[in-house]
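Below is one structure, written out as structure tokens, with a few remarks after it.
Just so it is clear, none of the values below were taken in a lab; they were calculated from the coordinates. The shown structure was predicted, so the numbers you read here are calculated from the model rather than taken from an experiment. Neighbour counts run over all protein chains shown; Cβ positions are idealised from the backbone, glycine included.
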Amino acid sequence: MIKKIGVLTSGGDAPGMNAALRAVIRTGIDRGLEMYVIYDGYKGIIEKRIEKVDRHFVSEIINRGGTIIGTARLPEFVEDAVQNKAVEILKEFGIDALVTIGGDGTYSGALALSRKGIPCVGLPGTIDNDIASSDYTIGFDTALNTIVDCVDKLRDTSSSHQRCSVIEVMGRYCGDLAVYAGIACGAEIVVTSEHPTPKQEIIESIKKQIQEGKHHVMVLITEKICNVEEFAREIQNECGIESKSEVLGRIQRGGRPSASDRILAARLGYEAINQLANGNGGLCIGIIDNKVTATPIEVALKMKRKDNLELLNICTAIK
Ligand code: F6P
């Protein structure tokens, strides 16, 4: 029987992680379980930074960005010896199960621990929206709204100066932030890693749009595709429009979580505890077609993400 549950946040922080933490801890306490937090992700297990908490621990955090229990990336957690040490320490603290909030690296850690006898349930907490077992991840909506706000502001100045703005957004290898923001902001060009457009094609499209009467151009591009500063220079040289690059950076990860992210965090956090209380581990919780789902972690890690080409085509059509 599961009596003591630990919870951690791992990987890049995301707005809504605190709301998820709150939902997990309060649902656990409501069900008569003992709840523990682990500081700074898997690193906190190894360093024995594990603390029993009551419901007040998560007071006043539903509206706060980041994660109050900290997060870290621990590349050595792929090693068997490190995982064994984590299991040993969790047993020493009497922790029967874990809720892990993070991205796919966090899920891999949770799978390893589940296989070694500590049932884990993962929640998708990342701004990237790159978890295939959930239509949306906790943090994506807030980051998207932050990007929209920044791009709207850049549009004001770009249009006043009749410039081209080349704006790099986060997402790792997932273009959802770029494509959703592209639609919401009416970007002229969106470039994603899933469907990369050759540079020359982009340049020809900008030339054509200028010939057709556009006085300024907004280009949204997912990180890790190219150096946006150099690309802006190429656009300026080839298209004859003054061009400036902007890297939005980690500002995209901060800020108050949106209502959607808070609600998603609450629904998924509640289900994580329900699954563990019913004795089910090795799962990750997600939302598919607005229904809360539980998928075995090993299946989730092999799933292919929904293609965002349809959204990209909308962007192109309505530019
Ligand atoms: O996974 C979230 C994310 O913000 C990615 O979009 C980005 O590539 C990465 O984290 C940056 O991580 P860090 O802040 O550790 O450099």
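Which value in Å does the Kirkwood hydrodynamic radius of region 143-253 take, with 1/r averaged over all unlike C-alpha pairs and then inverted?
Its Kirkwood hydrodynamic radius stands at 13.6 Å.
Net charge around Leu309, counting only other residues with Cβ within less than 15 Å of its Cβ (Lys, Arg = +1; Asp, Glu = -1)? Don't skip to the answer; put the middle values down first.
Details: positive: Lys304, Arg305, Lys306; negative: Asp176, Glu194, Asp307, Glu310.
In short, -1.
If Lys and Arg each add +1 and Asp and Glu each add -1, what is the summed charge of the other residues whose beta carbon sits under 13 Å from the beta carbon of Thr146?
Local charge sum for Thr146: 0.
Note the direction-averaged projected area, equal to a quarter of the hull surface, for the Cα convex hull of region 169-319, in nm².
Over every viewing direction, the Cα hull of region 169-319 projects on average to 10.8 nm².
Which one of Leu21, Ser165, Ala259 has its Cα pushed farthest toward the positive end of the charge dipole of the chain, where Lys and Arg give +1 and Asp and Glu give -1 at the Cβ?
Going by the charge dipole, the pick is Leu21.
Please report the base-10 log of the normalised intensity I(q)/I(0) for the chain, using a Debye sum with one equal scatterer per alpha carbon and no solvent, at each q in 0.08, 0.13, 0.15 (1/Å).
Here the Debye-derived log intensity ratios amount to -0.40, -0.87, -1.06.
Relative contact order for region 188-309: what is it in percent, counting Cα pairs under 8 Å that are at least 6 residues apart?
RCO, region 188-309: 16 percent.
Add -39500 (n - 2.57) for each DSSP H run of 4 or more in the chain, then divide by its residues: what number comes out at 222 nm, to the nearest 500 deg cm²/dmol?
-13500 deg cm²/dmol
Run down the lysines and flag those whose C-alpha is under 21 Å from the C-alpha of Lys48, throwing out any fewer than 8 positions away in its chain.
Of all the lysines, those that pass the test against Lys48 - Cα under 21 Å, at least 8 places apart if same chain - are Lys3, Lys4, Lys85, Lys91, Lys116.
Where in the chain are the DSSP H helices whose C-alpha atoms run 24 Å or more along the long axis and whose mean Kyte hydropathy is at least -1.0?
Result, helices passing both filters: 140-161, 259-277.
Roughly how many debye, to the nearest 20, is the charge dipole of region 32-171 about its Cα centre, given +1 on each Lys and Arg Cβ, -1 on each Asp and Glu Cβ, and no other charges? Display every interim value, and only then the final one.
Numbers: 14 positive and 21 negative charges, 33 e Å.
That gives region 32-171 a dipole magnitude of about 160 debye.
Where does each of 167-176, 50-59, 81-90 land if you order them by average Cβ count within 10 Å, highest first?
Taking the mean over residues of other Cβ atoms within 10 Å, the ranking is 167-176, 81-90, 50-59.
At 1.567 mPa s and 4 °C, plugging the Kirkwood radius over alpha-carbon pairs of region 1-110 into Stokes-Einstein gives what diffusion coefficient in µm²/s?
For these conditions, the coefficient is 93 µm²/s.
Please go through the residue pairs Lys224/Lys244; Lys244/Lys306; Lys207/Lys319; Lys153/Lys207; Lys153/Lys199; Lys224/Lys291 and name each one whose alpha carbons sit more than 21 Å apart in this structure.
Lys244/Lys306; Lys153/Lys207; Lys153/Lys199; Lys224/Lys291
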